[in-house]
Each structure stands twice: as structure tokens, then as C-alpha cells.
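S.K.: Got a structure for you, questions after.
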Amino acid sequence: MERNCFMFAKIMHAAGIFLAAVLASIVIINAAVVLSTMSRIVPNDRAQEGADYILVLGASVIDNAYPSHMLEDRILTAVELYEQGAADKIIMSGDHRADDYNEPQVMCDYAVACGVPREDIVLDHRGISTYDSMYRMAEFAPNSRVIIVTQRYHLFRSIYIARAMKLDAVGVSASLRDYSKPMEDQFRESLARVKDFIAVILRPESADIKNI
């Protein structure tokens, strides 16, 4: 019995050390991603004019016809940047893995309805993840100057990946309103930063990189 208790205590101790190491790694990686990119987040009126592209990251759409609130704010922010001359091309990068779910097309249609000429919009139908969007952007236009548009909490990771891909990237926040689950979004984002921190090191290839 004493031997079993001793072994159980050792296992629990080792598990505690492992858990502490994992939590410490999450905190350190998140701090590294945020601190290394926060100076690259700029207000709309300070976004670099003469950028090559405004890159809008996809989010959920409703009935394959309307953008969610988060996505609508990203599109509206991109349209404002386009109208002020920050760049003359917008890339809509999102998920189109199914025929009845097409984020880039919904994004494009909304921007056109806001007055952006269709010929100034490029669609990336395989922007399934943030990493995919940045990987494909770097393949499509290497070393280009890019303004990334998404919500502020998402910008740190987006810019981090983009700069690792040798893009000259800044970010403009599309946080125009309060969203329903801010704490849940922040928690998921903290884990996603760890995932993409590792992805940037391993550099897996994105699918169909030329299909943009």
C-alpha cells in the first residue's frame, strides 16, 4: 500500500510539473507573439498608403449570403481603407470547402455593394485558416506590403505569421462593436497562437497554393 501511494505521489508530482511547463509555454509564446507585433497595429488613418494589398480574413457567413457581424466589420474597415487610398486591391481570403459555404464570395458581394469595383477584388477560396491565408498571400505576392484587416485580438497572430512569411505587414483593427463571446474568443486565440507559432517553425505547405 505504501509503495502504491509513493508511486501515485510521484506520478502526480510529474504531472504537475508537466502541466506547469505547458502553461508556462502558452504564456511565454502568447507574450512573444503579442509583444513582437503590437507596434504593427495602426489606426485607419495611419495605415501605409501605397500598400500592395488590403487582406481581409474570413469569418462565418449566414445562409451563404450575409456576413456575420465580425466579418461585416472586417469588410467595412477594408472598404474604408480602400476608399482612403491605402491600397488599390483587396484580397478576400476565406473558407470555401463546400459548394454551399463560400466566405470569399459573400465578402466580395458585400464590398461591391459598398462601392468597391469588382475588378479590384481578388478572391482566395482556400483561406481555411489564418496560417493558410498568410502562406497563400506570401506565395501569391512575395515580399509585398500588406494591410491585414481583422479584429484586434486576431491581429497579433495574423501579423506574426505574415512577417514570418516575409510580408511587410501591418494590421488595422476591425473591432467596431462588442461581440457575443469575447472571453471565449480570447481563450481560443491564446491556443491558436501556440499552434501557429509552431506552424511557422515547421512551415507546412498550404493546400492548392496557386489557386488564388
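Values quoted throughout were computed directly from the atomic coordinates according to the rules given, and no laboratory measurement underlies them. Fair warning: this is a prediction, and the values are worked out from it, not measured in the lab. As a convention, Cβ positions derive from the backbone with ideal geometry for all residues, glycine included, and neighbour counts pool all protein chains shown.
S.K.: Which aspartates and glutamates does K10 reach when only Cα atoms under 15 Å apart count, and residues fewer than 8 places away in its own chain are ignored?
M.R.: Those aspartates and glutamates meeting the cut-off are E2.
S.K.: Could you give each residue of segment 78-92 its phi-based ³J(HN,Hα) in whole Hz, using Karplus coefficients 6.51, -1.76, 1.60 with θ = phi - 60°, and x for Gly or Pro?
M.R.: Working through the residues one at a time gives 5, 4, 4, 5, 4, 5, 8, x, 5, 7, 9, 9, 10, 9, 9 Hz.
S.K.: A further question on this structure: DSSP loop (so not H, G, I, E, B), at most 12 other Cβ within 10 Å: list which GluC sites (Glu not before Pro) in segment 16-102 pass both filters. Intermediate values should be presented prior to the final figure.
M.R.: Values: sites: E49, E72, E80, E83; in loops: E49.
Counting only loop positions with at most 12 other Cβ atoms within 10 Å, the GluC sites (Glu not before Pro) in segment 16-102 are E49.
S.K.: So, one more: Would you mind counting up the charge near R188? Only other residues with Cβ under 13 Å from its Cβ, with Lys and Arg at +1 and Asp and Glu at -1. Numbers along the way, then the final one.
M.R.: Values: positive: R157, K181, R193, K195; negative: E184, D185, E189, D196.
Value of the local net charge: 0.
S.K.: Further, regarding this structure: Which of G94, A14, A51 sits closest to the plus end of the dipole of the chain, meaning its Cα is farthest towards the positive end, when Lys and Arg get +1 and Asp and Glu get -1 on the C-beta?
M.R.: Sorting the options by dipole projection puts first A14.
S.K.: Scan segment 106-167 for trypsin sites (Lys or Arg not before Pro) in coil per DSSP, keeping those whose Cβ has at most 13 other Cβ atoms within 10 Å, and list them by number. Please list the in-between numbers first.
M.R.: Numbers: sites: R118, R126, R136, R145, R152, R157, R163, K166; in loops: K166.
In loop regions of segment 106-167 (DSSP not H, G, I, E or B), the sparsely surrounded trypsin sites (Lys or Arg not before Pro) are K166.
S.K.: So if each residue of separation counts as 0.36 nm, and I subtract the Cα-Cα distance between V112 and I26, what length gain in nm does that give?
M.R.: Values: separation 86, 0.36 × 86 = 30.96 nm, distance 4.05 nm.
26.9 nm is the gain from fully extending V112 to I26.
S.K.: Any idea what the dipole of the chain comes to, in debye rounded to 20, about its Cα centre with Lys/Arg Cβ at +1 and Asp/Glu Cβ at -1? Kindly include the intermediate steps, with their values, before the conclusion.
M.R.: Details: 22 positive and 28 negative charges, 232 e Å.
That gives a dipole near 1120 debye.
S.K.: For A199, what is the net charge nearby, where nearby means another residue's Cβ is under 12 Å from its Cβ and Lys, Arg count +1, Asp, Glu -1?
M.R.: Working: positive: R157, R193, K195, R203; negative: D132, D196, E205.
Here the count lands on +1.
S.K.: Right, another one. Could you give the angle, 0 to 90 degrees to the nearest 10, between helix 130-140's Cα long axis and the longest principal axis of the Cα atoms of the chain?
M.R.: Taking Cα atoms only, the helix is inclined about 50 degrees.
S.K.: Restricting to Cα pairs below 8 Å that are 6+ residues apart, what does the relative contact order work out to for segment 1-141? Please round to a whole percent.
M.R.: Working: 169 pairs, mean separation 28.7, N = 141.
It rounds to 20 percent for segment 1-141.
S.K.: With r defined as the distance between the Cβ atoms of S39 and I11 and R0 fixed at 45 Å, what FRET efficiency is calculated, to the nearest 0.05? Can you show the working numbers first?
M.R.: Numbers: r = 45 Å, r/R0 = 0.99.
Efficiency, rounded to the nearest 0.05: 0.50.
S.K.: Run lengths n ≥ 4 of DSSP H only: what is the helix-derived mean residue ellipticity at 222 nm for the chain, with -39500 (n - 2.57) per run over all residues, to the nearest 500?
M.R.: On the way: 6 runs with 107 residues, N = 212.
Here the helix-only value at 222 nm equals -17000 deg cm²/dmol.
S.K.: Right, something else. Filter the GluC sites (Glu not before Pro) in segment 123-212 down to the DSSP loop ones having no more than 11 other Cβ atoms within 10 Å, then list what survives.
M.R.: Working: sites: E139, E184, E189, E205; in loops: E205.
Passing both the DSSP loop test and the Cβ count: E205.
S.K.: Assuming R0 = 22 Å, what is the FRET efficiency of K166 and Q48, from their Cβ-Cβ distance, to the nearest 0.05? Walk me through the intermediate numbers first.
M.R.: Numbers: r = 17 Å, r/R0 = 0.76.
Step by step, r from the Cβ atoms, then E = 0.85.
S.K.: Give me the extension gain from D100 to E205: residue separation times 0.36 nm, minus the current Cα-Cα distance, reported in nm with one decimal.
M.R.: Working it through step by step, the gained length comes to 35.2 nm.
S.K.: Another question about this same structure. Could you tell me how many degrees, from 0 to 90 and to the nearest 10, lie between the Cα long axis of helix 2-37 and the main elongation axis, the longest principal axis, of the Cα atoms of the chain?
M.R.: 20 degrees
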